[in-house]
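Engineer: Have a look at this one before I ask anything.
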Amino acid sequence: MTKLIVNADDFGLSEAVNYGIISAYKNGIVRSTTIMAGMPAFEHAVELLKENKGLGCGVHMTLSLNKPVLNYHKTIVDENGNFYRRITNELVEEKFDLDEVYEEFCSQINKVINSGVKIDHLDSHHHVHTLSSLKPVIEKIIEKYQLPIRGGFEYDINYDKVIPMTESFYNENVTEDYFEKFIDEFKKQDVIDVMCHPAFIDEYLVNSTSYAMQRMKEYSILTSKKVKEFLRENNIELTNYNRL
């Protein structure tokens, strides 16, 4: 039986995002989420987790949205103290001090832990942890925290807690028959992480990302009774990282 981790990214981005993720957990197939320590609705997300203890939670390490948790960085922020919006290997190699990246990621993870959340895995906004230029940072992170981590790496990594993932549930692939189309891909794995972004919509979300309105469509599919029944009929077990 394939174990399916439907992980909702961006928990803490805004209150509407938080409420959408919680509803997709209560009424749908989401069993896991990842929280962003530096976002405006972080504390709101933490409170919701206390009320929904069955929802697994990891840390969505962030290097490309809003401001860092630490306020003294020199190389990983622009002139306004904000993260650069698009992180590439070229940008990292040209500008970034990797020690700053490591310190920032550790601070984000520690902030979540210190808030009382029992974190069960790591991933990142825009998959920055998978960039080959950040391999030294991620190797230090996994050595320190020993947590499962979402896969999709550009590089080889010697770590036995990498979980295969798919980012196919996104944009034009967000359709009513998505899970039917990709069921064979899921069944090739013992466990697989399906990245998703269910949300309700508020002004902050609309102003912070171009991928906003599509999140309501994701929410609709992820809470569909037809989808839940299809997965059950195909012996797909919904789970989270904490239960692996």
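The values are calculated or read from the model by the stated rules, or taken from the named source; none is laboratory data. Keep in mind it's a predicted model, so treat the numbers as computed, not measured. As a convention, Cβ positions derive from the backbone with ideal geometry for all residues, glycine included, and neighbour counts pool all protein chains shown. The protein model used for the area step is the full one, side chains on, heavy atoms only, and it has no ligands, DNA or RNA in it. Shrake-Rupley method; radii C 1.70, N 1.55, O 1.52, S 1.80 Å.
Engineer: Would you point out the residue of the range 13-56, among those that are small (Gly, Ala, Ser) and under 15 Å from ASN114 (Cα atoms), that is surrounded by the most Cβ atoms within 10 Å (Cβ to Cβ)?
Structural biologist: Taking the range 13-56 and keeping what is small (Gly, Ala, Ser), we get 14, 16, 20, 23-24, 28, 32, 37-38, 41, 45, 54, 56.
Keeping just the survivors that are under 15 Å from ASN114 (Cα atoms) gives 37-38, 45.
Working: ALA37: 26, GLY38: 20, ALA45: 28.
Filtering the range 13-56 for residues that are small (Gly, Ala, Ser) and under 15 Å from ASN114 (Cα atoms), the one surrounded by the most Cβ atoms within 10 Å (Cβ to Cβ) comes out as ALA45.
Engineer: Another question about this same structure. I need the full set of residues from the range 78-121 which are touching a Ser or Thr at 6+ places or on another chain (Cβ under 7 Å), of a type in the set (Asp, Glu) and surrounded by 14 or more Cβ atoms within 10 Å (Cβ to Cβ), in order please.
Structural biologist: GLU100 - this is the single residue of the range 78-121 that is touching a Ser or Thr at 6+ places or on another chain (Cβ under 7 Å), of a type in the set (Asp, Glu) and surrounded by 14 or more Cβ atoms within 10 Å (Cβ to Cβ).
Engineer: Quick check on my filter: what residues within the range 148-164 are farther than 19 Å from GLN108 by Cβ, among the aliphatic types (A, V, I, L, M) and open to solvent by less than 40 Å² (accessible area, probe 1.4 Å)?
Structural biologist: ILE157, ILE163
Engineer: Are any of the residues in the range 100-112 at pLDDT 95 or above and part of a loop (DSSP other than H, G, I, E, B)?
Structural biologist: Going residue by residue through the range 100-112, those that are at pLDDT 95 or above are 100-112.
Those left that are additionally part of a loop (DSSP other than H, G, I, E, B): none.
No, the range 100-112 contains no residue that is at pLDDT 95 or above and part of a loop (DSSP other than H, G, I, E, B).
Engineer: Which of the following residues is within 25 Å of TYR145 (Cβ to Cβ), basic (Lys, Arg) and without any contact (Cβ under 8 Å) to a residue 40 or more places away in the chain: LYS26, LYS53, LYS3, LYS95? So that I can check it myself, show each step before the final result.
Structural biologist: Values: LYS26 fails: within 25 Å of TYR145 (Cβ to Cβ); LYS3 fails: without any contact (Cβ under 8 Å) to a residue 40 or more places away in the chain; LYS95 fails: within 25 Å of TYR145 (Cβ to Cβ).
After applying the criteria, what remains is LYS53.
Engineer: If LYS74 satisfies every condition in (1) touching a Ser or Thr at 6+ places or on another chain (Cβ under 8 Å); (2) on the phi < 0 side of the Ramachandran plot; (3) open to solvent by 30 Å² or more (accessible area, probe 1.4 Å) but one, which is the exception?
Structural biologist: The number of the failed condition is (1).
Engineer: Mind counting the residues in the range 86-121 that are under 17 Å from ALA37 (Cα atoms) and among the basic types (Lys, Arg)?
Structural biologist: Here the count works out to 2.
Engineer: Show the residue pairs that are 6+ apart or on different chains and have beta-carbon atoms under 8 Å apart, the first residue being within the range 159-178 and closer than 17 Å to THR33 by Cα, the second being aliphatic (A, V, I, L, M) and open to solvent by 50 Å² or more (accessible area, probe 1.4 Å).
Structural biologist: Between residues of the range 159-178 that are closer than 17 Å to THR33 by Cα and residues that are aliphatic (A, V, I, L, M) and open to solvent by 50 Å² or more (accessible area, probe 1.4 Å), the close pairs are ILE163/LEU244.
Engineer: Same structure, new question: Out of the residues in the range 193-244 that are surrounded by fewer than 19 Cβ atoms within 10 Å (Cβ to Cβ) and of a type in the set (Val, Ile, Thr), which is farthest from LYS67 (Cα to Cα)?
Structural biologist: Top of the filtered list is THR239.
Conditions tested, residue by residue: (1) surrounded by 19 or more Cβ atoms within 10 Å (Cβ to Cβ); (2) within 12 Å of HIS60 (Cβ to Cβ); (3) under 13 Å from the mean Cα position of the chain (by Cα); (4) of a type in the set (Asp, Glu).
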{"site": "ASP123", "(1), (2), (3), (4)": "yes, yes, yes, yes"}
{"site": "HIS126", "(1), (2), (3), (4)": "no, yes, yes, no"}
{"site": "ILE138", "(1), (2), (3), (4)": "yes, no, no, no"}
{"site": "GLN146", "(1), (2), (3), (4)": "no, no, no, no"}
